[in-house]
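Here the structure comes first, spelled out in structure tokens, and everything after it is commentary.
All of the numbers you see were taken from the coordinates with simple rules; none came from a lab. Since the model is a prediction, treat every value here as computed from it, not as a measurement. Note: ideal-geometry Cβ built from the backbone for every residue, glycine included; neighbour counts use all protein chains shown.
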Protein chains: 2
Amino acid sequence: MRDQLEKLLRPEQILTEREDLIPYGFDGTAMLKEKAIAVVFPETVQEVASLVKFAKAHKTPIVTRGSGTGLSGGSIPVANGIVVCLVRMDRILEVDTRNLTLMAEAGVLTQAIDDAAAAEGLIYPPDPGSMKISTIGGNVANNSGGLRGLKYGVTRNYVMGMEVVLPDGETAWLGNKCVKDVAGYSLKDLFIGSEGTLGIVTKVLLRLLPRPQARKTLLATFNDIEQAAQTVSDIIAAKIIPCTLEFLDQTTIRCVEDFAKIGLPIEAKALLLMESDGPLSVVTEETRRMQEIAEKNHAISLRLAANNEEAVQLATARRSAFSALARIRPTTILEDVTVPRSELASTVRFIESVAQKHHLTIANFGHMGDGNLHPTFLTNERDVEEVERVELAMVEIFEYTIAVGGTITGEHGVGLAKKAQLTAQFADASYPLLQSIKRSIDPDNLLNPGKLFDV
Amino acid sequence: MRDQLEKLLRPEQILTEREDLIPYGFDGTAMLKEKAIAVVFPETVQEVASLVKFAKAHKTPIVTRGSGTGLSGGSIPVANGIVVCLVRMDRILEVDTRNLTLMAEAGVLTQAIDDAAAAEGLIYPPDPGSMKISTIGGNVANNSGGLRGLKYGVTRNYVMGMEVVLPDGETAWLGNKCVKDVAGYSLKDLFIGSEGTLGIVTKVLLRLLPRPQARKTLLATFNDIEQAAQTVSDIIAAKIIPCTLEFLDQTTIRCVEDFAKIGLPIEAKALLLMESDGPLSVVTEETRRMQEIAEKNHAISLRLAANNEEAVQLATARRSAFSALARIRPTTILEDVTVPRSELASTVRFIESVAQKHHLTIANFGHMGDGNLHPTFLTNERDVEEVERVELAMVEIFEYTIAVGGTITGEHGVGLAKKAQLTAQFADASYPLLQSIKRSIDPDNLLNPGKLFDV
């Protein structure tokens, strides 16, 4: 394999030694790994195209990968396949301040995109938890969410176009710099969130917004999850759409406090992190009203960040949740169910009851304003009996989610981890549609085969 | 045919007489018509499904239609095909104020959707020019734009889900009430804007927003199109995103004034309609700054609507543009090119030069903030020689648009009218993708065949 790949790439762009391949055998998902035959680091779209043509000729599957921060196993290699890792395609090619767009190669880090926007007084709003190390290509492949999703939406809302290498090795441009375009099917929307199964995204054209003038951060704690959920409902009912409405349950609060020492009240049962951004007068007014609503719902503590430093510290409470929880038990399984906002409180209660029933520790946190919860199983993958109970609990949570009109994944994707649940969510004539689209675009099942569904 | 259809529908749901079919033989597009074999008016999704199964068994093509306001011939019948007209599926099924969603059948008028939202203090932002008579199903099939697109986006941004009858007669639900969902390919995004070629949308689930507190309308005129275009660029560069930035050229100004008598200065070469909405303090500040920017760019008149009545009157200047122009010559061909905002001024100039070169009258107006222009050919379809010049001019305008990174259609769709141009815009490996997706979902080419492209 190495000999053949060296006809396409320089030797230092190719890894084939067993120990070199190990770090590329897993991603951020617990309990999943696989070994590729080679990991390659193309630097141009031409190199990507030649790799796909090579793979097609040899019927060797390709799995595309960025930083490997995925949480559903979407970039786990296929045994004896090639991993195409795009981290060396890391140039920001243009910030167009007249059209408010940014063009970048797929391997650019999400944080670097927003930094480049900020330098021009602009913002790239999607901010996945992993944004300091995740790549924009991975964000597009997974349609990543983030903490600002409530007000600003997700990655899809900011992708104007992309360069993509198709399964036959041909390169296509989908989209353009026009803010409106209805010519033909929206192929870019089909490719966004397709988890590398339809093509390899090599460049992205992103939409930027004017950077908000001001931001205020408010942290409230409650004796009871209902009160936190009611606060969220009341804020939305008051026609306030803050940029962030994040939730932590008691287990998460305690882990975070132990980890980050920011003075959270560990007796609290629920915590809400609320952020408003925009013109200063609006932010001041929205924050005041959110404070009132939290008080009305019996918040036991309320803390308004006095300055940016304190705001960052309060946001840390939420941003460090996953890392803090990961220290408790050997295995951390982060789930991603999302429900209509009106079903939030009952879903949180249901997850608690499932944890009790199966004698499991399930910490819960998430994007409450989006209805997106991250019930997090703290377990040990070597304890076969406990893992069985985890799996039973998960199935119950997924079934409940689908029954209340929710989705098995709000932002992490299906990958390998949720293939079984996808059939339950797509229980009608829509499931065969997924497969027929995959077959029509990738007839040889060459790109990320076995992810999302089998064909 | 009638006998067979009467097994599926009541007699009053079926038209087959020659004179009854005529009104369903055309839409809002000039110079296109065709005769169906029957027009049917299903009232339930089951009736739609049974019609599709019948059509499949008899290999009879189906064209779906709402109010027939389309501007690219997308709902022109196929000869000897059936027209499925959804205007009797016109119930609003739910306004969910907890989740800020609205569920409606496909035949509900767009205006009725926004009225139902307004009754709850909410707004459905997409406002196509034809919103008083267009149906929401047609809006979804065409991914319709509107005057508020600059700030609020287009129909796609508000569709959370849909019920769709597929070409095999099976019914599927795509999407849900979750504000985030990454399970599987985004099928709803593929179906939005697919112009009835992949399925028949029977219900839509829409996202609503809190209705803005205040709105201000400002009308400015200029001696020169450059100054208007520069005003738009300066507003965006000042990080202001107003909800509306609409443009009229001199020909349009004169026709509108003649038609609507609202006191527009007919010596002006360009007119800008600017609207800001949101919290009152923000609206006041944005309007003040837009006024300053227009003055700096030598506006010859500036009018700030004193009240809602005057605001509606000023907006009429823009909303009546098409009707006003349609009175001048026997045939009105409304184009829909869209370019990156930075290319606006030069595109307007180019269209003027094309009109001169071919001795044609091309009025120009459009959504300047979106880069979406509606060059409007005032002509006579019976004048064969003039129509030839119109066609030459159009091709030049399309070629220019594509060369500067624009699109042949920003909001009207491809339909029949722009099939030839679609190949020029999708000049790479993306064009075969369109066809293979169509083939995979509608292998018998049953739904709206011959629209967008041939397979």
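Angle of helix B:45-58 to the longest C-alpha principal axis of chain B, folded into 0 to 90 degrees and rounded to 10: 70°. Karplus-derived 3J(HN,Hα) values for the stretch B:154-160, using 6.51 cos²θ - 1.76 cosθ + 1.60 with θ = phi - 60°, are 10, 3, 3, 5, 10, 9, 9 Hz; glycine and proline are entered as x. Taking amide H atoms as placed 1.01 Å from N in the peptide plane, the amide H of B:Ile123 lies under 5 Å from those of B:Leu209, B:Arg211, each 5 or more residues away in sequence or on another chain. Any idea which of A:Gly199, A:Val165, A:Gly184 is furthest toward the positive side of the dipole for the stretch A:164-205, if Lys and Arg beta-carbons carry +1 and Asp and Glu beta-carbons -1? Looking along the dipole axis, the top candidate is A:Gly184. Placing +1 on each Lys and Arg Cβ and -1 on each Asp and Glu Cβ, with no other charges, gives the protein assembly as shown a dipole about its Cα centre of roughly 100 debye. For the peptide B:92-102, the mean number of other protein chain Cβ atoms found within 10 angstrom of a residue's Cβ is 3.
Rounded to the nearest 20 debye, the dipole size of chain B about its Cα centre is 560 debye, using +1 on the Cβ of Lys and Arg and -1 on the Cβ of Asp and Glu.
Helix A:384-403 and the longest principal axis of the C-alpha atoms of chain A enclose an angle of approximately 80°.
In order along the stretch B:417-427, the phi-based Karplus estimate (6.51 cos²θ - 1.76 cosθ + 1.60, θ = phi - 60°) of 3J(HN,Hα) comes to 5, 10, 4, 5, 6, 4, 5, 6, 6, 9, 7 Hz; Gly and Pro are listed as x.
Only one residue of B:Pro330, B:Thr379, B:Gly415 has its Cα farthest out toward the positive end of the dipole of the stretch B:329-425, where Lys and Arg carry +1 and Asp and Glu -1 on Cβ, and that residue is B:Gly415.
Relative to the longest principal axis of the Cα atoms of chain B, the long axis of helix B:430-441 makes an angle of roughly 30 degrees. Projecting the Cα positions of A:Ile14, A:Met368, A:Ala117 onto the charge dipole of chain A (unit charges on Cβ atoms of Lys, Arg, Asp and Glu, taken about the Cα centre) puts A:Ala117 furthest along the positive direction. With both labels modelled 7 Å from their Cα along Cα-to-Cβ, the A:Arg327 to B:Met31 distance reads 7.3 nm. For the residue pairs B:Lys53/B:Lys180; A:Lys269/A:Lys357; B:Lys188/B:Lys239; A:Lys451/B:Lys180; A:Lys151/A:Lys261; B:Lys35/B:Lys418, the alpha carbons lie more than 24 Å apart in B:Lys53/B:Lys180; B:Lys188/B:Lys239; A:Lys151/A:Lys261. Distances from A:Arg18 to itself in the other copies, using label points 7 Å out along the Cα-Cβ axis, amount to 8.4 nm in increasing order. Per-residue ellipticity at 222 nm, computed for the protein assembly as shown from helices alone with -39500 (n - 2.57) per DSSP H run of at least four residues, works out to -10000 deg cm²/dmol. Other residues lying with their Cβ under 13 Å from the Cβ of B:Gly121 contribute a combined charge of -1, Lys and Arg counting +1, Asp and Glu -1.
A label point on B:Arg329, set 7 Å along the Cα-to-Cβ line, lies at 7.5 nm from each of its counterparts in the other copies, closest listed first.
What the phi angles of the stretch B:294-309 give under the Karplus curve with 6.51, -1.76 and 1.60, with θ = phi - 60°, is a coupling list of 4, 4, 4, 8, 6, 4, 8, 8, 9, 10, 9, 4, 6, 8, 4, 4 Hz, glycine and proline written as x. Copy-to-copy label distances for B:Gln46, where each label lies 7 Å from Cα along Cα-to-Cβ, are 6.3 nm in order of increasing length.
Relative contact order for chain A: 15 percent, from Cα pairs under 8 Å spaced at least 6 residues apart, divided by residue count.
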